[in-house]
Each structure stands twice: as structure tokens, then as C-alpha cells.
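For reference, the structure I am asking about is given below.
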Amino acid sequence: MTLIVPVLTMIALLIGAAAAEPTPATPDCDVAESLLSSEIDLARVTNEIKDRHRLDISVVGSGSSTLPGPDGARFAYPARLEAVLRERLPGNEIKVTAHVQLRQTTAEMASGMQAMLAEDKPALVIWQAGTVDALRGIELDDFRASLETGIEAVGAGSADAIVMNMQYSPRTESMLGVEAYADVMHWAAQQRGVVLFDRLAIMRSWSDSGTFDLYAATKDYAMARRVHECIGRALASQIINAAHLDAGKMQTTR
Amino acid sequence: MTKASPPPATSSERDLRLDLFRGLALWLIFLDHIPQNIVNWFTIRNYGFSDATEIFIFISGYTGAFVYGRTMRERGFLLSSARILRRAWQIYVAHIFLFTIFMAEIAYVAATFDNPLYAEEMKILDFLKQPDVTIFQALLLKFKPVNMDVLPLYIVLLLLFPPMLYVLLRRPNLALAGSALLYALVWKLDFNLPAYPNGVWFFNPFAWQLLFVFGAWCALGGAERLAEVLRSRIVLAVAIAYLIFAFAITLTWHFESLERFVPAWLSDWMYPIDKTNLDVLRFAHFLALAAVAIYFLPSDWPGLKSPILRPAIVCGQHSLEIFCLGVFLAFAGQFIIAESSGGPLLQAAISLLGILLMIATAKLISWYKAIEGRSTPTRVKQRDADLAGGEA
């Protein structure tokens, strides 16, 4: 009994310390700072905003970069990212172009990268990859080589790159092994000095904290849309952090 | 591996350390197979390059040589080969049994789970649309669900084992050199067995055979030759230094802010650490672990007889049964976690319950084998051969 009071005090202090961090405006999908901080700068993005007050972003990805249905793209994270960035970077012209094709492997996306860069001339490429490769059981070496080819192409097009890994999908986790592919993406991003948007860890943290019940079986689109909204927000935060566009409010989720 | 154990050919005194570490490895494999299990944080793969698979394969090679080496010496090549192949067949049947359970789980998820968020991931269930191909590929060991790669590896290693054992018994160093050469050729020429629908085996048997053959080599007298080396304090210091280095590197995987302390030349050289082809860093990490374990745990260490370690030892003595049970329990555990939407407390409870079930089953098997051995005296000799140094 005598121990309970100091222990409770400790816990209260710990919770208090955690709560003392700047509270985001949308507490429903908070992301730990460590998941959105980056050692790597998005220098091109910084310059675009500073010099030209505009930011052209291209998203390259497969099925998990959109939502099913005719208006799926409208609620998917690329569109949400555009909306959030416009809100958070007022006075700048923001454009997000999504190149999403279902069932595209990383190799296929890498080979299309140059043409995409020539057409869009983006300052930043967000490249979502890995899920289809895991589905098809692409060899890890080949996967890594494709990633590096694509990242090099983006660099040669003098754009910044963010690599985005898979969704956290607990219900298919025992059937679809994404972990090894996620490791390759982590290393490749680190080696090539590009930012990794760790969607896997972020969604896992939402699942662990009860923000979203990702085990839920549902035909309803509401949760899927909220998840994409939150991914768009987290992505916007990471861009703003890595490009140092929001010095006052660095590394908050919103 | 052993420092003080007598030559295996002349004694049937079992080295309990093998059973202990194999039992622990089986627990760790079980824990690692429940994805995102909170208890995973305690398994060794988070503290270094190698994981329980290395321990399991090495000890399997060691006990395999121990048991079948004696048969080959006493009863000849033909009979021992037949026994090895029978073992491979048992493992094959066990693997197919586990595959059936896996299919049942998949079919259930396909029938009950739907979520527009995961439209892409659900494509993994597409193979249910062509069961003819899938099941056939599974029977060929080409289609292997996640986390079901160890038994197929073990099967191939056993299929290759009779000729290898033949050479090991006559020219052990030549056999080990041949094994190392094959390993080197894998790295040079990059060959592996094909998988379905794409790619190659997750554990390349041509690379992982090195660990298996090394275990066998140790069992057939290699351990005695290494004993002097393993007693050296310099070797111990190097091993400990390497383990600390590996630990420091794994820390940078979990705490991204630490990554900048890894110099670029080092990560360029080091990554990727290839599990498929048994990266040298992993192999070295296993060797360092083994060296430290042997140094501090002599085979006559009295603690090995203590009741505290007994549960792990019993599990290690029935490795195939307990391994399969572990895979099954991991499936079942995932299923329960998924159906009740997770939670760290539930994960911990399931992990603990799983290990308790593994221990209870191992004790039951021990009891049954003992009873059976007593009631049929003609089988006693056979039973002893099987149990010497644990099952192969």
C-alpha cells in the first residue's frame, strides 16, 4: 500500500511529461515525433517554396495509394496531402499529381520514373512501393536494385525523394510477409540518402494505441478514408519537417 | 561445440546443453512467428545479427551426425541413409500438415475479412482461386507461406546428408571444406532453389548447409579439436567484442536517431545483411554466441540438471514435434489476437500460454516414450539410439 502512492505519482509525472508536448489540432491520429523526424533534408523543396512559392509533388504508387471506387482517389492520401499542404503553407501554390497503377511492381515503377519526371518536373517525388513486390514474392535483391534505380532516376531529375513503405495490415500479416521488404526499403533509403516515410510503423502505432481498429472487417469506406486523411497529414508534417518550412512548429503532426 | 564432452562415438552421454539451447531456440522461433508480438522484444534477433534459426540448424546438424553417424559406423551406409530419409519424410509430412492448417486460416480470412483499406493486400488471397496450382506447388515445396520456410530447409539438408555424412566420417575436414566451398560458390554465383509464384527459397539450402555441416563436423570430433581454441581468452574477448558490436548495430535499427553514428563506409559494406544466403555477419554472430555459451557453460555444469532449465531441455529433446506445435500455436495465437483486435496484454498471455503448452506436450511425449520403451523391451535399443543427444 505504501508503494502505491509513489508509483502512481511516477506514472502521473510520466503522463504529464508526455502531455506537455505540443498538442496537435487533430488528436485522433497523432504520430510520434520520432516517426516523422528525418536526418535528411528536402533541399529542393525548401528552395522551391522560398524562391518560387510553389511545390509540385508527384506520387508514384500502387493500389494502397488510392481507395477503391470511382471517387476513391478523391479521398486517398495524395489528394489529402495536397489539401493539407495548401492549408499549412498558405501563399504557396501546391500541386500533387498522383500516378497510381494497381499491381505495379517496383521494377515497373522504376522504369517509368524518367518519363514521369520529364512530364511532371516535380520538386518532390513520393514513391510508395513494396506491397506488390511482397505479393508477387519478388526476390529481395531485385527489389533493392529496382528501388535504387528509381531513386537514382529521381536524383538525376534533380527532385527530392520520399520513399513510402507498406501499410500495416495485421489481418494479412501472417500470409503476406512485408517485413523483409520493409527492411530493404529502410536500408535503400538510408544508403541513398532519401527520406523514408514509415507508413508501416505509423499505422502500427495507430493500431497499438487504438486510434484505428485495423483488424476490423467492414465494407464501409469511412475508416479507410480517415486512415488516408491521417496519412496525408502525417506526410505533410514529414515534408514540412524535412524541408524546414515550419520552424516554429517543427515536428508536430499538424 | 563441446569442450568437455567425451568423443561421441564412444559414449552415449548426452550433452544437455544441446537440448537446452534447441529448446530455447524453439521458444524463440514460436515467439518470432507471432508478428508484432510484444514479447518479441525479448528474442535474440533484436540484439544481434543471428536469430534462433541459426541455433536450430546448427544443433540439428550436430545431433543428426551424432545419431546417424553412429548408425552409419555400426550398421553401414544403406541403413543409416534409410533412417535419414525416413526422418526427412516425417518432416515433409509435418510440413504438409502445417500447410493444411495455414490454408484453413487463409480460407477463413478470405470468407470473413473485408476492408476497402486493404484492397491491395487482400490480393494475397487470390491463390485460393486456383487451389490446383497452389496445393501442387506446396507439395513440391515451392509454395511456402510466410514463416513456413524452416522445415523445407531441414528436409533438403537431410536429403543431402547421407553422402555428406559418409565423407564426414572419413575425412571430416575435407567435408567441411567442401561445405564451405559450396557456400562460397553460392555467394559467387548466386544460385538457389526456385519458389512459387516468384523468386527463390527464403532460406537458401546451399548456403545454410554450411551451418548444418559445421554442426555435424563438431559432433564428429571437431569440437574436441576446437576445444583448445575455445578456452582461449583472446577468442572469448573477440567473440564478446563482436557481440557488442552487433548489439550496437541492431540498436540503430530500432532507434533511427542513432543511425548517424554508423559510418557510411561501414553501412555500405555491411548492408544488406542477407538472411537468405546466411550472411557471413550472421554466421560469425552465431559462432561468437556459441563460443561465449561454451566458455561459460561447460557440459558438466550442474545447473543443467536443475529443474528450472528442465522445461527447455525437454522441449529441445522433441524438436520436430515441438517445432510443429510452435508453428501451429503461432497460427492459433495470431488468429486469437486478430479476432479480438490485439492488445499487448493478450499478446503476452498468448506467448506464455503457448510456451506452457509446448512444455506440457514435450513432457507428455517423454512420458509416453518412456512407457512405451519399458513395455516393449525389444525397442529399447532403438529408443536409446534415437535419444542419444536428442532427436536428429
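Please report the antiparallel percentage of the DSSP beta bridges confined to the protein assembly as shown, to the nearest 5.
Approximately 5 percent, going by the DSSP bridge assignments.
Under the definition of Cα pairs under 8 Å and six or more residues apart, what whole-number percent is the relative contact order of chain B?
Reported as a whole number, the value is 35 percent.
In the protein assembly as shown, with Lys and Arg counted as +1 and Asp and Glu as -1 at Cβ, which of these residues, A:Gly155, A:Gly112, B:Phe245, has the Cα nearest the positive end of the dipole, that is, farthest along it?
Going by the Cα projections, it comes out as B:Phe245.
Where does each of A:His99, B:His318, A:His244, A:His53 land when they are ranked from fewest to most other beta-carbon atoms within 10 angstrom?
A:His53, A:His244, A:His99, B:His318
If you don't mind, there's one more thing I want to ask. Starting from 0 in steps of 10 Å, tell me what percent of the Cα-Cα pairs of the protein assembly as shown lands in each bin.
Per 10 Å bin, starting at zero, the Cα-Cα P(r) for the protein assembly as shown comes out as 3, 14, 24, 24, 18, 11, 5, 1, 0, 0 percent.
Next up: Just to be sure I understand the model, the point goes 7 Å from the Cα along the line to the Cβ. What's the resulting B:Val93 to A:His244 distance in nm?
Result for the modelled spin labels: 6.8 nm.
Can you tell me the alpha carbon radius of gyration of region B:51-94 divided by the globular rule-of-thumb value 2.2 N^0.38 Å?
The reported ratio for this selection is 1.27.
Then there's this: With r defined as the distance between the Cβ atoms of B:Ala293 and A:Arg54 and R0 fixed at 60 Å, what FRET efficiency is calculated, to the nearest 0.05?
Calculated transfer efficiency: 0.50.
Continuing with the same structure: For region B:70-126 and region B:273-298, write down the distance between their C-alpha centroids in whole Å.
27
Among B:Trp269, B:Leu176, B:Leu357, flag the residue with its Cα farthest along the positive direction of the charge dipole of region B:16-387, charges on Cβ as +1 for Lys/Arg and -1 for Asp/Glu.
B:Leu176
What shape does region B:201-352 take by its C-alpha gyration tensor, where a ≥ b ≥ c are the square roots of the eigenvalues and a/c under 1.5 counts as rounded, a/b above b/c as prolate, and the rest as oblate?
Judged from the Cα gyration tensor, region B:201-352 comes out oblate (a/c at least 1.5, b/c at or above a/b).
Same structure again: Hey, what D do you get for chain B in µm²/s if you plug the Kirkwood alpha-carbon radius into Stokes-Einstein at 10 °C and 1.306 mPa s?
Rounded to a whole number, D works out at 71 µm²/s.
Additional query: In debye, nearest 20, what is the charge dipole magnitude of the protein assembly as shown about its Cα centre with +1 on Lys and Arg Cβ and -1 on Asp and Glu Cβ, if you could check?
The calculated dipole for the protein assembly as shown is roughly 2220 debye.
Report the one residue of B:Leu185, B:Cys218, B:Ile234 whose Cα lies farthest in the direction of the positive end of the charge dipole of region B:129-281 (charges on C-beta: Lys and Arg +1, Asp and Glu -1; origin at the Cα centre).
B:Cys218
Just how far, in whole angstrom, is region B:127-157 from region B:172-186 if you go by their alpha carbon centroids?
Region B:172-186 and region B:127-157 have Cα centres spaced 28 Å from each other.
Taking the Cα atoms only, what angle lies between the long axis of helix A:179-192 and the longest principal axis of chain A, rounded to 10 degrees?
On a 0 to 90 degree scale, this one is about 70.
Based on the inverse mean of 1/r over its pairs of different Cα atoms, what is the Kirkwood hydrodynamic radius of region B:255-342, in Å?
One decimal place: 17.6 Å for the Kirkwood radius.
Read the figures in this text as sums done on the coordinates, not as results from a lab. This structure is a prediction, so every number in the text was calculated from the model and none was measured. Glycine also receives a Cβ, built like all others from the backbone with ideal geometry; neighbour counts cover every protein chain displayed.
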